[in-house]
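Notes for the one structure printed next.
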Amino acid sequence: MLNFLVVDKLIRDALIEDMPYGDITTDLLIPQDSTSSAILVAKEDGILCGIDVAKRVFEILDENVEFEKIKSDGETIKNGDILAKIKGNTRAILKGERLALNLLQRMSGIATATNRLSQKIKGYRAVVTDTRKTVPLLRMLDKYAVFVGGGKNHRYSLSDAVLIKDNHIKAVGSIKEAIRRARESIPHTMKIEVEVKTMDEFEEAIEAGADIIMLDHFGLDEMKKAVGVASGKALIEASGNITLENIEEIAKTGVDIISVGAITHSVKSLDISLDFVE
């Protein structure tokens, strides 16, 4: 969920980045007391996400702004839909336009991409999750957008859970030893996940008591075999080159989790515009 103490800081920092010495164009052209009305309009179909974040951008710039939400996060939107109406100081609207749109478009793009994947596997056990492949400092917004789109969130940060990857294994010497070291020190509320690249590594992870096992670039037959061997002993996560075209076949193998880095690291932003109406 969104913590607006964090979101407000992000917005303020982003506004400073965008106009470190003010907005030269707007400040020269627009009288200080000018007011205007504008609308946010969808330019393509998708899932809306980030409308309250966009609202907050304008509120920070103009505490008297009127921001009327027409659509809410999670709603399906169509090309041409009015998402919100804005009335307030003209300078504030112009100064906040690009930041509000950047965040709203990106978050809606992530929610839309997540929703399309989630709908493809509706009815199967598997759920779509994100990864840590997010834009630095935007992780809260990225992961919130995944949730709004119908996905689940993987660990938020390196502090949240143990995830033993290939380089950890190489540094320690074996999966078994890595799990042993982690299990010795973690609290009882924390899980241990291990990334494996072969069936031999998978079987070692099962025997060592991993709670979750990530199958990295496994074929469909190997996934089915792993699900059968695990038989409830561990949650099974599929990862690597997940697309709209293959996600249903992956879900059919019986895996519990399908993690998709692309929904945050290479997502296409949803086209949304801000248009003045007066």
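The values are calculated or read from the model by the stated rules, or taken from the named source; none is laboratory data. Please read these numbers as outputs of a predicted model, since none were measured by experiment. Virtual Cβ from ideal backbone geometry, glycine too; neighbours counted across all protein chains shown. For the accessible areas, the whole protein counts, side chains as well, though only heavy atoms, and no ligand, DNA or RNA atoms are used. Shrake-Rupley method; radii C 1.70, N 1.55, O 1.52, S 1.80 Å.
Taking amide H atoms as placed 1.01 Å from N in the peptide plane, the amide H of residue 164 lies under 5 Å from those of 193, 194, 195, each 5 or more residues away in sequence or on another chain. Across the range 89-104, computed HN-Hα scalar couplings (Karplus, 6.51 cos²θ - 1.76 cosθ + 1.60, θ = phi - 60°) run 4, 4, 4, 5, 4, 5, 6, x, 3, 5, 5, 4, 5, 4, 6, 5 Hz from first to last residue, x flagging Gly and Pro. The 3J(HN,Hα) values that the Karplus relation (6.51, -1.76, 1.60; θ = phi - 60°) gives for the range 244-257 are, in residue order, 4, 6, 10, 5, 5, 5, 5, 4, 5, 6, x, 5, 8, 9 Hz. Gly and Pro appear as x.
Summarised in one figure, the compactness ratio Rg/Rh of the range 114-180, Cα atoms and Kirkwood Rh, is 1.09.
Taking 25 °C and 0.890 mPa s as conditions, the range 1-156 diffuses translationally at an estimated 149 µm²/s according to Stokes-Einstein applied to its Kirkwood radius (Cα pairs). Accessible area ranking (1.4 Å probe, heavy atoms, ligands and nucleic acids excluded), largest first, for 125, 56, 132: 125, 132, 56. Per residue, the accessible area of the range 189-277 comes to 45 Å², computed with a 1.4 Å probe over protein heavy atoms only. Estimated at 0.36 nm per residue, the fully extended path between residue 174 and residue 13 surpasses their Cα-Cα distance by 53.6 nm.
If R0 equals 35 Å, the separation of the Cβ atoms of residue 184 and residue 72 corresponds to a calculated FRET efficiency of about 0.15. If you take the Cα centroid of the range 64-80 and the Cα centroid of the range 260-278, the two points sit 14 Å apart.
Distance check, please: which entries in 165/191; 170/224; 120/252; 143/268; 197/252; 143/191 exceed 23 angstrom between their Cα atoms? Violating the 23 Å Cα-Cα cut-off are 170/224. Peptides 112-122, 145-155, 226-236 ranked from most to least packed give 145-155, 112-122, 226-236, packing being the mean of other C-beta atoms within 10 angstrom over each peptide's residues. If the Kirkwood radius is taken over C-alpha pairs of the range 124-221, then at 10 °C and 1.306 mPa s the Stokes-Einstein diffusion coefficient equals 107 µm²/s. The range 30-61 and the range 156-186 have their alpha-carbon centroids 45 Å apart. Among 257-266, 27-36, the peptide with the highest mean count of other Cβ atoms within 10 Å heads the list, and the full ranking is 257-266, 27-36.
Shown is the FRET efficiency for residue 32 and residue 273, computed with R0 = 25 Å from the Cβ-Cβ distance and rounded to the nearest 0.05: 0.45. Run through all the Cα pairs of the chain and give the fraction in each 5 Å bin from 0, expressed as whole percent. Result, from short to long distances: 1, 6, 12, 14, 14, 13, 10, 8, 7, 6, 5, 3, 1, 1, 0 percent. Over the residues of the chain, the helix contribution to mean residue ellipticity at 222 nm works out to -13000 deg cm²/dmol, using -39500 (n - 2.57) for each DSSP H run of at least 4.
Taken over the range 180-260, the ratio of Cα radius of gyration to 2.2 N^0.38 Å equals 1.09.
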